[in-house]
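Peer 1: I'd like to ask some things about the structure below.
The values are calculated or read from the model by the stated rules, or taken from the named source; none is laboratory data. Quick caveat: nothing in here was measured; it's all calculated off a predicted structure. Note: ideal-geometry Cβ built from the backbone for every residue, glycine included; neighbour counts use all protein chains shown. Accessible surface areas use protein heavy atoms only, side chains included; no ligands, DNA or RNA. Shrake-Rupley method; radii C 1.70, N 1.55, O 1.52, S 1.80 Å.
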Amino acid sequence: MTKKRISFVQPNFQQGPKEFNAYYLPYSAGVILSYALASKKVQDAWELDHLVWRREPVEELALKLSTSHVVAFSTYVWNHRYNYKLARLVKTLNPECTIVFGGPEPAIEDPDLFVKEPFMDLVIKMEGEITFRRILEDHGSDYTHIEGLLINSPTGLINTGDPKRINDLDEVPSPYLVGIFDRVMAQNPGVIWNATLETNRGCPYQCTFCDWGSLTYNKVKKFELTRVFHELEWIGRYCGFVTITDANFGMFIERDNMIVDKLIEV
């Protein structure tokens with residue numbers, strides 16, 4: 001059986017001095033994909049086509065992406081204009097391609113979202129792992145049974161409600177340890193990679209300037225410490241930089257000191 005193709009877009013800028021040729025690995029895309037591909041149903045039906053991690057010429061990239069059945073965009077303030085332009089062109093080239101957006105930038109509270117951005121088919125709210133896996137498992141449906149979505153329907157915007165959070169974060173395979181980035185890294189041996197380390201998820205505060213992962217004012221959930229250590233060992237082996245993405249690193253003093261000790265060791 002010929003598998004359907006999915007591409008994921010999370011472009012970022014080069015980091016640091018030009019001579020470093022340093023870029024972020026697209027962690028958000030990687031962790032969404034690692035969870036989706038852990039599903040036997042998804043494994044049997046889908047394959048990863050392109051994983052976009054830096055800005056490429058939009059017209060050339062859109063042509064490559066337009067052969068995918070699903071193109072997903074991890075969207076932040078620093079890449080949303082690029083993502084919107086790219087997605088609009090992909091949709092023009094292939095109207096049958098399902099365009100999925102997620103991340104903190106899409107205006108999920110705007111009732112006119114799809115009037116302004118008609119190239120979007122689905123927008124994922126809050127945590128994306130469960131919702132995105134279900135999109136792939138039920139691809140071609142009307143998606144109205146999947147929580148956590150805004151759907152661009154012929155009758156207008158459909159909001160399917162908020163998704164359930166993942167209770168046990170260790171249900172999410174590490175994109176580093178399961179090899180999500182292996183092909184990209186092998187194809188780009190001259191790049192120095194900046195890895196993102198997520199040791200917990202959520203934030204108990206409600207700062208008005210922050211939309212951290214859309215999970216502010218939520219209970220903090222932790223990844224198992226052994227997993228964090230294994231990820232640090234992998235990062236130390238293959239990357240030149242690491243960025244800790246926890247909203248409040250240091251909140252769990254004993255645990256976070258152990259992570260710092262491991263970081264120093266690595």
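Peer 1: What does the charge count around P154 come to, taking other residues whose C-beta lies under 13 Å from its C-beta (Lys +1, Arg +1, Asp -1, Glu -1)?
Peer 2: Neighbour charge sum, excluding P154 itself: -2.
Peer 1: If I compute solvent accessible area with a 1.4 Å probe over the protein chains, what percent of it on the range 74-196 is carbon and sulfur?
Peer 2: 52
Peer 1: What shape does the range 147-266 take by its C-alpha gyration tensor, where a ≥ b ≥ c are the square roots of the eigenvalues and a/c under 1.5 counts as rounded, a/b above b/c as prolate, and the rest as oblate?
Peer 2: Oblate is the answer for the range 147-266, as a/c is 1.5 or above yet b/c matches or exceeds a/b.
Peer 1: Rounded to the nearest 10 Å², what accessible area does E171 show when all protein chains are kept and the probe is 1.4 Å?
Peer 2: Its accessible surface works out to 100 Å², give or take rounding.
Peer 1: Next question. Heavy-atom accessible area per residue, the range 113-163, 1.4 Å probe: how many Å²?
Peer 2: 41
Peer 1: Could you do me a favour and compute the accessible area per residue for the range 23-73, 1.4 Å probe, result in Å²?
Peer 2: 37
Peer 1: Given the options Y84, S66, L225, identify the residue whose Cα lies farthest towards the positive end of the charge dipole of the chain (+1 on Cβ of Lys, Arg; -1 on Cβ of Asp, Glu).
Peer 2: Farthest towards the positive end: S66.
Peer 1: Could you compute the net charge surrounding V172? Neighbours are other residues with a C-beta less than 10 Å from the C-beta of V172; K and R count +1, D and E count -1.
Peer 2: -4
Peer 1: To the nearest 10 square angstrom, how much accessible area does E47 have with a 1.4 angstrom probe?
Peer 2: 80
Peer 1: Relative contact order for the chain using alpha-carbon pairs under 8 Å, separation at least 6, rounded to a whole percent?
Peer 2: It comes to 18 percent, rounded to a whole number.
Peer 1: Got a sec? What order do Y84, Y205 fall in by accessible area at 1.4 Å, biggest, i.e. largest, first?
Peer 2: Y205, Y84
Peer 1: Now, a different point. With +1 assigned to the C-beta of every Lys and Arg and -1 to the C-beta of every Asp and Glu, and no other charges, what is the dipole magnitude of the range 56-133 about the Cα centre in debye, to the nearest 20?
Peer 2: So the dipole magnitude of the range 56-133 works out to roughly 140 debye.
Peer 1: Could you state the principal axis extents of the C-alpha atoms in the range 1-60, from the largest down, to the nearest angstrom?
Peer 2: Computed over the range 1-60, the largest-to-smallest principal extents equal 45, 26, 13 Å.
Peer 1: Could you work out [θ]222 nm for the chain from helices alone, using -39500 (n - 2.57) per DSSP H run of at least four and dividing by all its residues? Round to the nearest 500 deg cm²/dmol.
Peer 2: Using -39500 (n - 2.57) per qualifying helix, the result is -9000 deg cm²/dmol.
Peer 1: Of the beta bridges DSSP finds with both residues in the chain, what % are antiparallel, to the nearest 5?
Peer 2: In the chain, approximately 30 percent of DSSP beta bridges are antiparallel ones.
Peer 1: So how far apart, in nm, are the two label points at Q15 and K64 if each is 7 Å from Cα heading toward Cβ?
Peer 2: Between Q15 and K64, the label points sit 2.1 nm apart.
Peer 1: If I ignore ligands, DNA and RNA and count only protein heavy atoms, how much of L89 is accessible to a 1.4 Å probe, in Å² to the nearest 10?
Peer 2: Using a 1.4 Å probe on the heavy atoms, I get roughly 50 Å².
Peer 1: Accessible area, 1.4 Å probe, largest first: how do M185, M126 sort?
Peer 2: M126, M185
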